[in-house]
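A quick write-up on the structure given underneath.
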Amino acid sequence: LFLAPEPETNPHWAAFQSAPKDHALAMQLWFLRERLRVYVAALKHMHQHRESVILDFSIWSDIIFATSHFERGYMSAAEYEEYQSISKRILTELKLPPPHLSIVLHVKPEIAMQRCETSSTRSKYVRRESRDGFAGPLATKGETYLARLDELYRQVWLRDLPHVFTPKWLSEERVAPGGDGLPAAPSLLVLVRDWSQDLAQLKPAAICDAVMCSEPIDLDAWLAPWLAKGNPSHVAYMN
């Protein structure tokens with residue numbers, strides 16, 4: 001299990017809280033770099049130990065938050081273009097193999113907001129964002145912010161799903177090249193689950209079955225393009 005970097009470990013986090021327009025780009029680039037490090041560590045583990053790994057994040061989803069910062073004026077057009085350029089180079093030039101299986105636990109924005117209000121740690125950023133730039137009660141502000149993130153997530157993961165809450169396998173490209181919106185995350189297989197229900201009611205077997213029934217993949221063939229680039233030493237790319 002390889003966990004995503006905690007926001008509080010980001011050296012730009014506190015500064016971003018006080019002056020988001022001055023630190024949004026630096027903060028997001030730090031997250032991008034650290035997610036790359038974790039992803040490369042996971043790939044090295046798979047290559048060396050010949051076993052699967054689980055990650056609780058997708059490096060391909062970071063564009064969602066950068067886009068949100070740009071739309072809200074935290075990033076300038078030039079900064080957003082710089083972020084996109086760096087992100088694209090990482091994901092294409094390093095030939096990162098895409099996840100075999102991605103499980104998207106989708107939750108309705110209003111329910112996500114309720115959970116943020118009762119959480120003590122990871123909701124701090126969302127609660128602060130909920131108070132900025134929106135009109136209406138606090139709950140409405142938060143739901144507006146989360147609703148936009150939901151729209152961006154749909155572009156990356158769920159764009160061609162007619163029923164978001166119906167588990168469905170996807171393969172290959174899910175957004176036409178040159179199409180509007182954000183590029184699709186290139187996971188080989190995607191399973192969408194409704195996470196709006198009571199979490200205690202979700203049976204672990206539902207996720208286990210999804211993993212066990214996914215199509216097999218040849219590990220060496222999957223890693224070959226990445227290894228051909230001279231990796232894993234390429235992690236210095238972001239330094």
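Sequentially through the range 145-156, phi angles give Karplus couplings (6.51, -1.76, 1.60; θ = phi - 60°) of 4, 5, 5, 5, 4, 4, 4, 5, 4, 4, 5, 7 Hz, Gly and Pro residues having no value and appearing as x. Annotation for residue 48 and residue 2: the two label points, set 7 Å from Cα along the Cα-Cβ direction, are 1.2 nm apart. For a test of the definition: using alpha carbon positions, the gyration tensor, and the 1.5 limit on a/c, classify the range 3-112 as rounded, prolate or oblate. Prolate shape, in that a/c is at least 1.5 and a/b is the bigger ratio. Amide H contacts for residue 190 (H built 1.01 Å from N in the peptide plane; partners 5 or more residues away or on another chain; cut-off under 5 Å): 102, 170. The packing ranking, built from the mean of other Cβ atoms within 10 Å per residue, places the peptides 53-62, 11-20 in the order 53-62, 11-20, highest first. Close amide H contacts of residue 2 (hydrogens built in the peptide plane, cut-off under 5 Å, sequence separation of 5 or more or a different chain): 54, 55, 56. The packing ranking of peptides 31-40, 70-79, highest mean first, is 31-40, 70-79, where packing means the average number of other beta carbon atoms within 10 angstrom of each residue. With 0.36 nm allotted per residue and the present C-alpha distance subtracted, the residue 151-residue 110 stretch has 13.4 nm of extension available. The label point for residue 15 and the one for residue 118, both projected 7 Å from the Cα toward the Cβ, are 3.7 nm apart.
Where a number appears in this text, it was derived from the coordinates with a stated rule and is not lab data. The structure presented is a predicted model; accordingly, all values stated were derived computationally and were not measured. Virtual Cβ from ideal backbone geometry, glycine too; neighbours counted across all protein chains shown.
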